[in-house]
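The values are calculated or read from the model by the stated rules, or taken from the named source; none is laboratory data. Given the structure is predicted, the values throughout are model-derived calculations rather than measurements. Because the Cβ atoms are built from the backbone with ideal geometry, glycine has one as well, and the counts that use them run over all protein chains shown. Each accessible area value is taken on the protein alone, full model and side chains, heavy atoms only, with ligands, DNA and RNA left out. Shrake-Rupley method; radii C 1.70, N 1.55, O 1.52, S 1.80 Å.
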Amino acid sequence: MSLPLVEVTDLKVYFPIRSGLVVERHVGDVKAVDGVSLTIFKGETLGLVGESGCGKTTVGRTILRLYEPTSGRIVIDGKDITDLPERELRPLRDKMQMVFQDPYSSLNPRQNVGSIVAEPLLIHGMERKEVDAKVRHLIEVVGLPHDAANRYPHEFSGGQRQRIGLARSLALNPALIVADEPVSALDVSIQAQMINLLEDLQDEFDLTYLFVAHDLAVVRHISDRIAVMYLGKIMEIAPSQELYTAPSHPYTKALLSAVPIPDPKVERSRERIILKGDLPSPVNPPPGCRFHTRCPYVQETRCRTEVPELRAMKQGQVVACHFAEEIADGKITPRSEMVGLAP
Amino acid sequence: MSEPLLSVTDLEVRFKSRRGTIHAVNGISFDLRAGETLGIVGESGCGKSVTSLAMLGILPRQAYPADGSVMFGGRDLLRLKDQEMREVRGKDIAMIFQDPMTSLNPILTIGRQLTESLRRHLKMDKETAREEAVSLLDRVGISDAGDRLRSYPHQFSGGMRQRVMIAMAISCRPKILIADEPTTALDVTIQAQILELLKRLVSEEQMALILITHDLGVVAGVCDRTNVMYAGGFVETGATESLFATPRHPYTAGLLDSVPRLDASGKQRLVPIPGTVKTLMEKPTSCAFAPRCMYAVDESRREVPPLREIAPGHHVACFNPVPESDLPQGAITEAR
Ligand SMILES: Nc1ncnc2c1ncn2[C@@H]1O[C@H](COP(=O)(O)OP(=O)(O)O)[C@@H](O)[C@H]1O
Ligand SMILES: Nc1ncnc2c1ncn2[C@@H]1O[C@H](COP(=O)(O)OP(=O)(O)O)[C@@H](O)[C@H]1O
Ligand SMILES: [Mg+2]
Ligand SMILES: [Mg+2]
């Protein structure tokens, strides 16, 4: 296996909640990320999935130090950047780029596409002539029309704006791209174009991706390994194929079983785990295992009282469940009232 | 076969805009039978929502009056007076939307909103309406229904609000429920809950369901029949099973090839549909999909292809349907 590019250890990111009209008091925290550890290897795509509010975006942004970590450690390419001052962070920033769900909000509407893509190069003091050639190349590799440079973001469709954002992100030859729901707003036919483009760019530019998304089918398609998050914690990390064929965490099982598959025959015969209730609040997460309030396999006391650590199961697979082995062996079965067989 | 419950013929909707007329829906026809679940699937902007709004007479102001007919109970809904249409909407045909807040009043309790509709449409007295409201919330899976009646919409999560919407929609025992992207804003585990609920209610209440979605997986799991929509027209319609197993319109086949499947074996490259949808600024005179289609023939560029039956109950609007030899081999043999 290749070397790690990103190593995150016990990362916590809390957002303080303040209240009070006259004197603001700190009344609690949103524990958006609460002890996340993960590694991203050079050249791989690590998918980060989970339902909205589980902390995916916060993890992505904190790795790039766009949010300040509350505690924990972030190491990029061997360098601890957790407390690095902004001045020393800047050169590293160029090597780590972010791609957003809605690129429109991050593109200046009054700038034409050429100057949007050229900007980071000019800031870096590249010669005007070189810049023009590079911009032309970038516009081509992301598949924008040749005359795009002289046009403005609003003249483009959502999918094409996503390409503009991508061209700009690639300008400084980054090593890592954190792509936060990059295809979630796109229609499927356009989404497929974008996914293929991301795959091609990875090969061409030797990129490492943290691919954040809530759509498990997309994540499974594009990722080498997948990390599953729930309420600020990692539940399981496994190679993409294994995560699908042999999920170890009950939450992963439930999530997989809830994803609709565009095939009526498969849909009719699938066994479904329908979780009860809603996600608990990240302000007051459940004690013990965070998933125990909705877990079909929940066991007396231990699940409620003891936080399960992430531990190795099989080759390359880690899971945070006290009873993963017993569940895998069929010694613990789901409570029947929580498993609906798809009619 | 029994008489259709609802019969839409040549429905056409156009909008006024500063840049000219937008041809949003271009003469679609379909039948809906009692108790049936029909999916309308297509990408954003293809006219799914406008179709349902037109059927219910609630098109936005910028729209011209819809053309065609929507026959229900011997009457053409497009020709009803406002007052008559309001009756139909409350009682016979109900609709739920992606964002329940568009139909819930934020300053009234859930109980008030539920009982008001029951008292107006079913002429229930206050106490009966309250009991019925509790039973409705119970049926859509909201626990402590009695207490929940006093809650306001913002006190509910997205999934719970959608349940409340569904409770209101079914309160007058409609014959048809139109659900426009009812789970698009929800997380998958909550989506699974809501889809289960809809399936259960459809069979319990013997209601027909028109489920509008962009998600092929959702129609595959819920609908008996599926209509695929592209640029304001239906390009393929049929039993969900046969449409997915043997998609004959190049657009349907293209959509299925471009979605990543959770159960894919191994890593295959996606096959995107090239190009983008063309604008709806003129009335189509040719196949709207032709510019993106590798199967297009001369005729496709000259004429609008009509829906033709190519297998029992399976219709395709295409002059050169995908040959069976181009379909995935497994699909063909299984379908036979
Ligand atoms: N800037 C912020 N201030 C306060 N709370 C935040 C902020 N950003 C995110 N949160 C909260 O942190 C939690 C995780 O959010 P996020 O990382 O955006 O989740 P995801 O990307 O998985 O949907 C949510 O409960 C969210 O409301
Ligand atoms: N209020 C409106 N004014 C002008 N055009 C509209 C309006 N609403 C919808 N349209 C047009 O109708 C087409 C179909 O819209 P819609 O039915 O909402 O699509 P969808 O399939 O995503 O539900 C859109 O492409 C849009 O151009
Ligand atoms: Mg997010
Ligand atoms: Mg719509």
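Some observations on this one:
- Residue match in region B:278-289 (condition: within 16 Å of ligand 2 (Cβ to nearest atom), in a loop (DSSP other than H, G, I, E, B), open to solvent by less than 10 Å² (accessible area, probe 1.4 Å) and not acidic (Asp, Glu)): yes
- Pairs where the first residue, in region B:82-105, is open to solvent by less than 50 Å² (accessible area, probe 1.4 Å) and in a helix (DSSP H, G or I) and the second is polar (S, T, N, Q) and more than 16 Å from ligand 1 (Cβ to nearest atom), C-beta under 6 Å, 6+ apart: B:100/B:162
- The residues of region A:184-206 that are in a loop (DSSP other than H, G, I, E, B) and either at the interface with another protein chain (Cβ under 9 Å from one of its Cβ atoms) or modelled with pLDDT under 95 (or both), listed by number, are A:184, A:185, A:186, A:187.
- Screening the candidates B:51, B:109 for the property of being surrounded by 21 or more Cβ atoms within 10 Å (Cβ to Cβ), among the hydroxyl-bearing types (Ser, Thr, Tyr) and more than 16 Å from ligand 3 (Cβ to nearest atom) yields one hit, B:51.
- Residues satisfying the stated conditions in region A:12-31, i.e. within 16 Å of ligand 3 (Cβ to nearest atom) and open to solvent by less than 50 Å² (accessible area, probe 1.4 Å): A:13, A:30
- Residue A:143 fulfils the conditions (1) more than 22 Å from residue A:60 (Cβ to Cβ); (2) open to solvent by 10 Å² or more (accessible area, probe 1.4 Å); (3) not in a loop (DSSP other than H, G, I, E, B) except for a single criterion, (3).
- Set B:166, B:178, B:212, B:194: member being closer than 28 Å to residue A:213 by Cα, more than 11 Å from chain A (Cβ to nearest Cβ) and open to solvent by less than 10 Å² (accessible area, probe 1.4 Å): B:212
- Any hit, region B:245-253, residues being of a type in the set (Val, Ile, Thr), touching a residue at least 24 places away in the same chain (Cβ under 8 Å) and buried (at least 24 other Cβ atoms within 10 Å of the Cβ): yes
Per-residue answers, yes or no, for (1) open to solvent by less than 10 Å² (accessible area, probe 1.4 Å); (2) within 17 Å of residue A:144 (Cβ to Cβ); (3) of a type outside the set (A, V, I, L, M, F, W, C); (4) within 17 Å of the chain's Cα centre (by Cα):
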| position | (1), (2), (3), (4) |
| --- | --- |
| A:168 | no, yes, yes, no |
| A:187 | no, no, yes, no |
| A:194 | yes, yes, no, yes |
| A:198 | yes, yes, no, yes |
| A:207 | yes, no, no, yes |
| A:224 | no, no, yes, yes |
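Matching residues to (1) at the interface with chain A (Cβ under 9 Å from one of its Cβ atoms); (2) closer than 28 Å to residue A:265 by Cβ:
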{"site": "B:257", "(1), (2)": "yes, yes"}
{"site": "B:263", "(1), (2)": "yes, yes"}
{"site": "B:278", "(1), (2)": "no, no"}
{"site": "B:282", "(1), (2)": "no, no"}
{"site": "B:307", "(1), (2)": "no, yes"}
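- Restricting the first member to region B:35-48 and to residues that are of a type in the set (Ser, Thr, Tyr) and within 7 Å of ligand 2 (Cβ to nearest atom), and the second to residues that are part of a loop (DSSP other than H, G, I, E, B) and modelled with pLDDT of 95 or more, the beta-carbon pairs closer than 8 Å and six or more apart or on different chains are B:44/B:214.
- Residues of region A:32-78 satisfying the condition of being part of a loop (DSSP other than H, G, I, E, B), surrounded by fewer than 19 Cβ atoms within 10 Å (Cβ to Cβ) and away from ligand 3 (no atom under 16 Å from the Cβ): A:42, A:43, A:68, A:70, A:77, A:78
- Here residue A:213 meets the list (1) within 14 Å of another protein chain (Cβ to nearest Cβ); (2) open to solvent by 10 Å² or more (accessible area, probe 1.4 Å); (3) of a type outside the set (Val, Ile, Thr) almost entirely, failing just condition (2).
- Among the conditions (1) among the polar types (S, T, N, Q); (2) outside any helix (DSSP H, G or I); (3) within 14 Å of chain B (Cβ to nearest Cβ), the only one that residue A:173 does not satisfy is (3).
- One residue alone among B:57, B:45 is open to solvent by 30 Å² or more (accessible area, probe 1.4 Å), under 30 Å from residue B:272 (Cβ atoms) and among the small types (Gly, Ala, Ser), and that residue is B:45.
- Residue in region A:29-47 that is within 14 Å of chain B (Cβ to nearest Cβ) and within 16 Å of ligand 1 (Cβ to nearest atom) present: yes
- Answer residue from region B:1-23, given it is open to solvent by less than 20 Å² (accessible area, probe 1.4 Å) and in contact with a Phe, Trp or Tyr (Cβ under 6 Å, 6 or more places away or on another chain) and is farthest from ligand 2 (Cβ to nearest atom) among those: B:6
- Meets criteria (open to solvent by 10 Å² or more (accessible area, probe 1.4 Å), in contact (Cβ under 8 Å) with a residue 12 or more places away in the chain and within 16 Å of ligand 2 (Cβ to nearest atom)) for residue B:132: no
- Selection from region A:113-138 of residues that are under 20 Å from residue A:160 (Cβ atoms) and in contact with a Ser or Thr (Cβ under 9 Å, 6 or more places away or on another chain): A:120, A:135
- Scoring residue B:62 on the criteria (1) buried (at least 18 other Cβ atoms within 10 Å of the Cβ); (2) touching a strand residue (DSSP E or B) at 6+ places or on another chain (Cβ under 6 Å); (3) more than 14 Å from chain A (Cβ to nearest Cβ) leaves a single failure, condition (1).
- Criterion (more than 9 Å from chain A (Cβ to nearest Cβ), away from ligand 4 (no atom under 16 Å from the Cβ) and under 29 Å from residue B:255 (Cα atoms)) met by exactly one of B:147, B:224: B:224
- Residue in region A:74-95 that is within 16 Å of ligand 1 (Cβ to nearest atom) and under 19 Å from the mean Cα position of the chain (by Cα) present: yes
- Only helices (runs of 4 or more DSSP H) whose full extent lies in region A:217-328 are considered here, and the ones with at least 1 residues that are more than 14 Å from every other protein chain (Cβ to nearest Cβ) are A:302-305, A:324-328.
- Among residues of region B:165-190 that are among the charged types (D, E, K, R), those with a Cβ under 9 angstrom from a residue that is within 16 Å of ligand 3 (Cβ to nearest atom) and open to solvent by 10 Å² or more (accessible area, probe 1.4 Å), sequence gap 6+ or separate chain, pair up as B:187/A:52; B:187/A:53; B:187/A:214; B:187/A:279; B:187/B:158.
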